[in-house]
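For reference, the structure is listed below as structure tokens.
The values are calculated or read from the model by the stated rules, or taken from the named source; none is laboratory data. Bear in mind the structure is a predicted one, so any value in this text is a computation, not a measurement. Note that we place each Cβ from the backbone using ideal geometry, even for glycine, and neighbour counts take in every protein chain shown. With ligands, DNA and RNA removed, areas are computed over all heavy atoms of the protein, side chains included. Shrake-Rupley method; radii C 1.70, N 1.55, O 1.52, S 1.80 Å.
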Amino acid sequence: MIGIYLHIPFCRQACTYCDFFFTTRGGLKPAFLKSLTREISSYRDSEWSSVPVLSVYFGGGTPSRLTGDEFTSLLDALGAVFNLNQAVEITVEVNPDDLTPDYLRQLKQAGVNRLSVGIQTFSPERLRFMNRAHTREHALQCLRMIREEGFHSWTADLIYGNPGQTTDALAEDIETLLDFDPPHISAYALTIEPHTRLGSMVRKKLVEPADDELVAEHTDLLVNMLAGAGVERYEVSNFARPGHEAVHNSAYWSHQNYLGLGPGAHSFSWKPDEVHAKRWSNKPHLPEYMEKSPNPHEKEDLTIDQLATERLMMGLRTSEGLTVVELEQRYRYSFSSAQQVKILKFREEKLLNYDGASIRLTGMGMLVADRITLEIISS
Ligand code: SF4
């Protein structure tokens, strides 16, 4: 089964920290939608069109800049080309300032069954600092609407480790969100990307990034408060109540094939029994995309060794971990003696569980997942 990702690049305004591909030129929407529909149609009768689709994900940008009718048209176009009969998850990323009860009903009618809400924080001061388009009131209102409209599956994004954000302020954000019984939460430590407004503010020393110790304290608080509410960490940045783990993202982590549509979208294809896979992406350039979609520009051939390394990195970020059988059979990979020594050392330090058949990080190990993975891979 495959996943389909659609990149909708429109945003109301630019957030200070954002490094995604987006534009604030909403006037380009009609031409963009035409190109996206053309790209969808280009896969008619292709090897992608006969495989059942497991999940569809509208990301961005801000997909909720599209109207309900526009989603209906896009999902109709997808349904005319791909096999959506078994699609269990159709997610749309939404921003709080775009939602109304009517809009939520339209999304539902179009076939959307999961929302990903960009809350980030409830603090008016932090929202202004991040230049988010929504206010605290928008965030609260939209969560009330989602509850009232009976969306059972949704996730909220939170950002922590913000410059100047205290641990108490984060606790308040988490408590406020938990009041709405979220089935799923994605929480990210703010990263300062060089080519963003925030990056330039840091370079000019107008803003001081949160120090590593504080970020670690924030992570601890988050994990403990969410676990206390029954929302368990199942991946370094993702938390869910049982049964609400994201289908689409989980497919990325386990190397299932996915097709990315829209400017900047990535695709991945690995045929059974082949010892290499392909990854490619459309150019993140809207005028060029509108002129000649699809326009793949970066293509990468991945060897089985590269795939094994990726799988280790992604698998060790999940609470499920991975099995030795999977590594051996699908990736033709087994741990070297040096790696075994390293793994046993981490096990002694209670950073991971390993019984010779499966390997997974402990809660403590998750806090330093990147370091552990790198040390195992490079041994
Ligand atoms: S809404 Fe999302 S994609 Fe748009 S500018 Fe803000 S962070 Fe970036």
Flagged in the stretch 94-111 as in contact with a Gly (Cβ under 7 Å, 6 or more places away or on another chain) and at positive phi, in numbering order, are none
Restricting the stretch 124-159 to residues that are touching an Asp or Glu at 6+ places or on another chain (Cβ under 8 Å) and not in a helix (DSSP H, G or I), the one nearest to the ligand (Cβ to nearest atom) turns out to be ALA133
Looking across the stretch 38-87 at residues that are acidic (Asp, Glu) and out of contact with any strand residue (DSSP E or B) (no Cβ under 6 Å at 6 or more places or on another chain), the single one that is most open to solvent (accessible area, probe 1.4 Å) is ASP45
Among the residues of the stretch 1-37, the number that are out of contact with any strand residue (DSSP E or B) (no Cβ under 8 Å at 6 or more places or on another chain), farther than 13 Å from TYR289 by Cα and among the hydrophobic types (A, V, I, L, M, F, W, C) is 3
Restrict the check to the stretch 196-205 and report whether at least one residue is open to solvent by 70 Å² or more (accessible area, probe 1.4 Å), modelled with pLDDT under 95 and at positive phi. yes
Quick count over the stretch 2-43, residues being of a type in the set (Gly, Ala, Ser) and either more than 30 Å from VAL88 (Cβ to Cβ) or in contact with a Lys or Arg (Cβ under 6 Å, 6 or more places away or on another chain) (or both), is 4
Taking the stretch 96-113 and keeping residues open to solvent by less than 60 Å² (accessible area, probe 1.4 Å) and part of a helix (DSSP H, G or I) leaves PRO96, ASP97, ASP98, PRO101, TYR103, LEU104, LEU107, ALA110
Restricted to the stretch 208-266 and to residues being part of a strand (DSSP E or B) and hydroxyl-bearing (Ser, Thr, Tyr), the residue surrounded by the fewest Cβ atoms within 10 Å (Cβ to Cβ) is TYR234
Taking the stretch 6-52 and keeping only residues that are outside any loop (DSSP other than H, G, I, E, B), within 16 Å of the ligand (Cβ to nearest atom) and of a type outside the set (A, V, I, L, M), one is left with HIS7, PHE10, THR23, GLY26, LYS29, PHE32
Inside the stretch 273-326, the number of residues satisfying the requirement of being among the small types (Gly, Ala, Ser), outside any strand (DSSP E or B) and farther than 30 Å from ARG25 by Cα is 4
ask   = With respect to GLY365, is the statement that it is at positive phi and either surrounded by 16 or more Cβ atoms within 10 Å (Cβ to Cβ) or not in a helix (DSSP H, G or I) (or both) true?
value = no
So, first residue among the charged types (D, E, K, R) in the stretch 249-270, second residue surrounded by 20 or more Cβ atoms within 10 Å (Cβ to Cβ) and assigned to a loop (DSSP other than H, G, I, E, B), Cβ within less than 9 Å, six or more apart or across chains; the pairs are none
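Here is a yes/no grid of residues against (1) hydroxyl-bearing (Ser, Thr, Tyr); (2) free of Cβ contacts under 8 Å to residues at least 40 places away in the same chain; (3) away from the ligand (no atom under 16 Å from the Cβ):
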site	(1), (2), (3)
GLU89	no, no, yes
TYR103	yes, yes, yes
LEU107	no, yes, yes
GLY118	no, no, no
Can you confirm whether the stretch 60-72 contains a residue that is among the polar types (S, T, N, Q) and either within 16 Å of the ligand (Cβ to nearest atom) or under 21 Å from the mean Cα position of the chain (by Cα) (or both)?
yes
- prompt: Quick one: is ASP102 closer than 20 Å to ARG12 by Cβ and in contact with a Ser or Thr (Cβ under 9 Å, 6 or more places away or on another chain)?
  reply: no
